[in-house]
Amino acid sequence: MSNIKKAFENGKAFIAFITCGDPDLETTKEAVIAAVKGGADLIELGIPFSDPTAEGPVIQGANLRALNGGVTTDKIFDFVVELRKFVSVPMVFMTYANVVYSYGSELFIGKCKEIGIDGLILPDLPFEEKEEFSGICDNYDIDLISLIAPTSENRIAMISKEAKGFLYIVSSLGVTGTRSNITTDLDSMVSLVRKNTDIPCAIGFGISTPEQAAKYSSISDGAIVGSAIIKLLEKHGKNAPKYIEDYVHSMKEAM
Amino acid sequence: MSNSKGRFGVHGGQYIPETLMNAVIELEEAYNHYKNDPDFNKELNDLLNEYAGRPSRLYFAEKMTKDLGGAKIYLKREDLNHTGAHKINNVLGQALLAKKMGKTRLIAETGAGQHGVATATAAALMGMECVVFMGEEDTKRQALNVYKMKLLGAEVVPVTSGTATLKDAVSEAMREWTSRISDTHYCLGSVMGPHPFPTIVRDFQAIISKEIKEQLMEKEGRLPDAVIACVGGGSNAIGTFYNFIEDSSVKLIGCEAAGRGIDTFETAATINTGRLGIFHGMKSYFCQDKYGQIAPVYSISAGLDYPGIGPEHAYLHDIHRAEYVAITDDEAVDAFEYLSRTEGIIPAIESSHALAYAIKIAPTMDNNKIIVVTISGRGDKDCAAIARYRGVDIND
């Protein structure tokens with residue numbers, strides 16, 4: 001059974017995204033611990049990529065700060081081993097296909113298993129290309145997370161049927177980033193998902209306020225928040241963890 | 001890869017966000033429909049002939065041939081096309097296709113600005129809105145082209161992320177496309193990105209080799225011994241190669257930008273220094289570090305300053321059908337000056353990379369051999385930058 005399921009056993013799941021190494025790994029560790037204290041049920045650890053084409057300016061900035069700080073995939077693997085001593089909630093890596101592929105897909109995914117990573121989110125890997133990594137992920141019991149977008153329409157059934165771990169529902173067109181208004185008909189997307197799979201689904205892209213968290217977790221199984229947390233790191237740097245704990249707490253409370 | 005489409009050997013595919021999948025599927029379906037539609041092809045041919053000025057000339061460079069004292073050199077004059085480069089071939093095709101699909105807005109990336117100018121031109125002609133993404137660094141290197149695009153009614157968005165060059169312009173155009181799909185076509189300028197772009201752009205550029213074949217047959221009654229073109233993403237090169245791929249006697253030679261040299265970090269020679277990766281929607285060769293971070297590449301030529309290469313080129317390299325050589329800034333600038341002086345033709349600095357290699361090999365070949373070099377664009381846009389390179393300060 002997928003370990004990720006545990007994230008959805010404690011009511012609606014709050015999923016926090018944090019870029020590893022922004023501004024340094026010590027802060028990332030404190031930030032993750034703070035998010036879990038605040039009530040996060042699942043952590044998405046971003047491995048920075050030089051050219052993150054699915055990200056808006058906020059997460060692009062985090063990627064850049066992390067890479068400029070000298071973080072690498074190997075350093076992040078070591079870091080997760082250390083982090084796992086303090087954090088027991090499910091954790092997944094979020095990065096780009098080339099980071100996995102260039103490391104050696106088998107080597108990378110095997111390493112995920114070894115260090116206690118439960119899943120992998122690759123925003124530039126659509127259904128048609130998932131076989132690039134899905135066989136290896138299956139072998140190592142790593143859930144390769146599928147995404148569904150507002151433009152998916154006729155593809156939702158096909159994607160849902162083969163989805164693993166949880167389904168990441170992209171709330172809006174465009175790249176990651178906070179939005180004051182989400183206009184997609186998420187209710188009908190979620191009901192199509194429900195018809196085709198039993199695995200949980202969570203909504204991400206554009207969620208930053210407790211009101212949004214309440215609204216979108218009420219129609220799905222959880223809310224994913226990235227840019228709003230990254231903004232706290234951008235603003236407070238090494239002092240961000242205490243703000244993150246409060247912020248996550250306010251979000252989880254509202255859900 | 002059972003579901004994967006658009007493969008050239010292991011290369012190609014569709015590594016893009018789910019948000020864009022229906023857009024590329026819709027594009028593929030529309031293209032498959034219209035490419036065999038006689039009305040579409042007639043309309044496109046009329047545009048290419050009456051508006052863009054095709055067929056482009058195949059010019060025998062007699063002075064250059066005599067001076068180098070070896071193989072006969074022909075120049076395929078894509079620089080004589082409307083807007084001054086081969087880019088218009090692809091843009092007219094894609095803009096017409098987008099129009100048939102009901103799109104009203106074109107977005108594009110540009111490096112040297114030639115593709116941006118061509119897209120802005122087609123948008124003006126067809127009454128479409130146009131937004132061009134251009135690395136901030138390139139807006140400085142190619143200020144004249146920025147002015148031209150604005151003159152043609154396009155909006156030019158300077159891209160400041162990453163290295164502020166072509167790869168970042170591609171990333172930004174992809175981001176823009178994910179946020180606005182229903183009325184917008186991404187008019188990609190090279191044989192790269194996710195399927196079906198490498199195939200569509202190749203088909204629209206294949207007219208280059210189709211014409212070379214016919215024109216040389218008329219002039220010489222035979223095939224060339226080698227065709228040479230510069231390669232960034234690789235659209236003029238695949239256009240130059242395509243109709244010769246089955247003719248095994250014709251050597252296909254792509255010239256990459258070595259920048260300051262392939263043994264330095266200041267290079268953009270993907271085949272010579274890159275390795276297999278996944279980026280900008282495709283599997284192909286990319287300049288990258290050991291962790292897969294895309295390298296900040298460098299070339300004097302904004303149009304070749306890209307860390308990847310189109311998937312079909314990667315495949316032609318794998319099967320040893322085409323050869324990819326690296327040409328330095330210095331060699332390209334020498335060739336730029338040489339052709340200007342010798343034939344009275346100022347070539348684009350991109351095309352000068354192809355010329356530089358022809359200048360190297362022509363003297364080593366017998367005088368009954370024939371080389372065709374594609375002059376992908378004209379060099380007016382480069383004069384100020386080359387002057388600066390030579391230490392001459394002119395007012396552009």
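None of the figures in this text is laboratory data; all of them are computed from the coordinates on show. Just so it is clear, the model here is predicted, and its values are computed rather than measured. Cβ sites come from the backbone with ideal geometry, for glycine too, and all protein chains shown count toward neighbours.
Values as computed for the structure displayed
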quantity	calculated
Relative contact order (%) - chain B, alpha-carbon pairs under 8 angstrom, separation at least six	20 percent
Two-site label geometry, A:Asn10 and B:Asp46: point separation in nm, points 7 Å out along Cα→Cβ	6.8 nm
In sequence order, calculated HN-Hα J values of the range B:54-68 (Karplus, 6.51, -1.76, 1.60; Hz; x Gly/Pro)	7, x, 6, 6, 9, 9, 7, 7, 5, 5, 5, 4, 5, 5, 7
Normalised contact order of chain A, rounded percent, pairs of Cα under 8 Å and 6 or more residues apart	26 percent
In order through the range B:10-19: 3J(HN,Hα) via Karplus (6.51 cos²θ - 1.76 cosθ + 1.60), integer Hz, x for Gly, Pro	7, 7, x, x, 9, 8, 9, x, 3, 3
Rounded tilt (10° steps) of B:87-100 against the dominant C-alpha axis of chain B	20 degrees
For peptides A:13-21, B:208-216, sequence by mean Cβ density within 10 Å, most packed first	A:13-21, B:208-216
Exposure proxy ranking, count of Cβ atoms within 10 Å, fewest first, for A:Ser160, B:Ser351	A:Ser160, B:Ser351
Label-point gap, in nm, between B:Arg321 and B:Asp380 - each point 7 angstrom along Cα→Cβ	3.7 nm
Lysines whose Cα lies under 17 Å from that of B:Lys219, excluding same-chain neighbours fewer than 8 positions away	B:Lys72, B:Lys76, B:Lys210, B:Lys369
Peptide B:8-18 - average C-beta neighbours from other chains (10 Å radius)	6
Average beta carbon contacts from partner chains per residue of A:127-134, 10 Å cutoff	6
For A:Cys20, net neighbour charge (Lys/Arg +1, Asp/Glu -1) across residues whose Cβ lies under 10 Å away	0
Two-site FRET efficiency, B:Asn367 against A:Asn181, from Cβ-Cβ distance with R₀ of 60 Å, rounded to 0.05	0.25
For the range A:198-204, 3J(HN,Hα) per residue [Karplus equation, 6.51 cos²θ - 1.76 cosθ + 1.60, θ = phi - 60°, Hz, x = Gly/Pro]	9, 6, x, 10, 10, 9, x
Calculated FRET efficiency for the pair B:Asn272/A:Asn68, C-beta based, R₀ 45 Å, to 0.05	0.95
Environment charge at A:Asp78 (Cβ cut-off 15 Å; Lys +1, Arg +1, Asp -1, Glu -1)	0
Pairs from A:Lys113/A:Lys242; A:Lys75/A:Lys235; A:Lys215/B:Lys290 whose Cα-Cα separation, in the structure shown, is over 32 Å	A:Lys215/B:Lys290
Prolate/oblate/rounded call for chain B, Cα gyration tensor, a/c under 1.5 rounded	rounded
Loop-located chymotrypsin sites (Phe, Trp or Tyr not before Pro) in the range A:76-105 whose Cβ has at most 15 other Cβ within 10 Å (DSSP)	A:Phe86
DSSP beta bridge pairing in the protein assembly as shown, given as percent antiparallel to the nearest 5	20 percent
Under-5 Å amide H pairs with A:Cys201, H placed in peptide plane, nonlocal only	A:Leu167, A:Asp221
Residue exposure sequence - B:Glu29, B:Glu266 - by fewest surrounding Cβ within 10 Å	B:Glu29, B:Glu266
Global form of the range A:3-254, assessed from the alpha-carbon gyration tensor, a/c cut-off 1.5	rounded
Spatially proximal aspartates and glutamates relative to B:Lys140 (Cα-Cα < 13 Å; intrachain offsets below 8 disregarded)	B:Asp382, B:Asp396
Length released on extending from B:Lys35 to B:Lys150, taking residue separation times 0.36 nm less the Cα-Cα span	38.3 nm
Cβ neighbours within 10 Å from other chains - mean over A:175-183	1
Neighbourhood charge, 13 Å Cβ-Cβ cut-off, centred on B:Ile212 and excluding it, Lys, Arg +1 and Asp, Glu -1	+1
Nearest-ten-degree value, helix B:329-343 long axis tilted from longest Cα axis of chain B	60 degrees
Mean separation of Cα contacts under 8 Å, 6 or more apart, over the residue count of the range B:184-295: relative contact order %	21 percent
Rounded, prolate or oblate (a/c below 1.5 giving rounded, otherwise prolate when a/b exceeds b/c) for the range B:240-396 by Cα gyration tensor	oblate
Point-to-point label distance, A:Glu82-B:Asn22, nm (Cα→Cβ direction, 7 Å offset)	4.5 nm
Chain A: calculated mean residue ellipticity at 222 nm from DSSP helix runs of at least 4, using -39500 (n - 2.57)	-13000 deg cm²/dmol
Gain on full stretching of the segment that runs from B:Val392 to B:Glu129 - 0.36 nm per residue minus C-alpha separation	90.8 nm
